[in-house]
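The structure appears right after this line, and notes come after that.
The values are calculated or read from the model by the stated rules, or taken from the named source; none is laboratory data. Computed from a prediction, not measured in an experiment: that's the story for all the values here. Cβ: placed from backbone, ideal geometry, glycine included. Neighbour counts: every protein chain shown. Surface areas here come from the heavy atoms of the whole protein model, side chains and all, with no ligands, DNA or RNA. Shrake-Rupley method; radii C 1.70, N 1.55, O 1.52, S 1.80 Å.
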Amino acid sequence: MEAPLYPDFPFAPSTPPGGTPAFWVGPRHLAGDDGHLYDTVADTLSGLGWSSLTIVRGRDEPDEHGDRQVLRSTVLHISPDTLRWAQWCLADEPFYLGELPIAWQVSARADTVSPLAQWSAYFTPDVPGESVADFLLALNARDQPDAQFAGPELVLDAVAAHGWLRDIDRPRAAATDPTFTSHISLGEVPPLIQDADPRALTAASDEGTPAGWQAWAEPVLGAPCLWVASFGASVPHDLVAAFAASLSSTAPVLRRILPETTQERLLRAPAG
């Protein structure tokens, strides 16, 4: 999937009177977020009935020119049962995964007694918004957001069904797309990933560090990743499978903005 579907159409054609032209593009895992990751996810959550709250922190006083300055703000979306929530982190001070800032942090708890999250999942910019939305749809549909109902094989089956290849050395724990640019792997969880498993708080233990799912796209070997997603060790495998199935889907997605590092790898056709 490295040859343009319509080679006579430039990747960045001149803007028509109606606005920036749109393309149907694939593969999805290299298509980026179209610059609308917040809107895509927030609209999904609004449609599910989740409430949103904007928390403003810092100085909100007029400066010498009379303009108000909001230094830091956080947008938090909460499910009706308050067992799950999603936080837009780019408006605040995000931490990083693979040298990329966290855009969305999704968390869930077992009950309303404890305020602490049972697990969290993290998504950087350029993770396809459709895949984050499908993860949240699966989370919203669960009565128990913390319960494990399936094993890790479900995740690998989801991507294998769309043509991804299991890792030769770790066929039960990792897979990659046919162009070897995007990967999903069950293994060591990066630092600062929140999880209720007490072993996640230690760098090493006799019981071993719990494994969680990590996914990333590395279009150019050794260069910065296009996007990264990280799932705490306690994130149910079926929720990760919903994300993985959407990420590896062969269905095209609508885009106006194409990532610079993957333009030459994308099939595309003008929309409309």
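Data overview
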| quantity | calculated |
| --- | --- |
| Among (1) modelled with pLDDT under 95; (2) under 24 Å from L226 (Cα atoms), the one test that D60 misses | (2) |
| Subset of the range 187-224 [farther than 18 Å from V127 by Cβ and either in a strand (DSSP E or B) or at pLDDT 95 or above (or both)] | G187, E188, D195, A211 |
| Top-ranked residue in the range 163-184 [being open to solvent by less than 20 Å² (accessible area, probe 1.4 Å) and under 18 Å from the mean Cα position of the chain (by Cα); ranked as nearest to A242 (Cα to Cα)] | I184 |
| Flag if A150 is part of a loop (DSSP other than H, G, I, E, B), in contact with a helix residue (DSSP H, G or I) (Cβ under 9 Å, 6 or more places away or on another chain), surrounded by fewer than 21 Cβ atoms within 10 Å (Cβ to Cβ) and hydrophobic (A, V, I, L, M, F, W, C) | yes |
| Filter pass, P128 being touching a strand residue (DSSP E or B) at 6+ places or on another chain (Cβ under 7 Å), open to solvent by 50 Å² or more (accessible area, probe 1.4 Å), under 30 Å from R256 (Cβ atoms) and modelled with pLDDT of 95 or more | no |
| Close pairs from the range 130-157: first closer than 18 Å to R28 by Cβ, partner surrounded by fewer than 18 Cβ atoms within 10 Å (Cβ to Cβ) and aliphatic (A, V, I, L, M), Cβ under 9 Å, at least 6 apart | E130/A251; L136/L48; L137/L48 |
| Residue satisfying all of: in the range 94-104; assigned to a loop (DSSP other than H, G, I, E, B) and surrounded by 13 or more Cβ atoms within 10 Å (Cβ to Cβ); modelled with the lowest pLDDT among these | P94 |
| Condition check for A160: closer than 14 Å to S248 by Cα and either modelled with pLDDT of 90 or more or out of contact with any Lys or Arg (no Cβ under 7 Å at 6 or more places or on another chain) (or both) | yes |
| Matching entry among A110, A91, A86 (being at pLDDT 75 or above and not in a strand (DSSP E or B)) | A110 |
| Members of the range 114-136 found to be farther than 24 Å from P224 by Cα and part of a helix (DSSP H, G or I), listed by number | A133, D134, F135, L136 |
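One line per residue, one yes/no per condition, for (1) of a type in the set (K, R); (2) surrounded by 22 or more Cβ atoms within 10 Å (Cβ to Cβ); (3) on the phi < 0 side of the Ramachandran plot; (4) out of contact with any strand residue (DSSP E or B) (no Cβ under 8 Å at 6 or more places or on another chain):
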site	(1), (2), (3), (4)
R84	yes, yes, yes, no
V106	no, yes, yes, no
R109	yes, no, yes, no
P115	no, no, yes, yes
L137	no, no, yes, yes
N140	no, no, yes, no
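Listed here are the residues, each with its yes/no results for (1) modelled with pLDDT under 65; (2) out of contact with any helix residue (DSSP H, G or I) (no Cβ under 7 Å at 6 or more places or on another chain); (3) among the acidic types (D, E).
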residue	(1), (2), (3)
D33	no, no, yes
H36	no, no, no
E64	yes, yes, yes
L71	yes, yes, no
V106	no, no, no
S114	no, yes, no
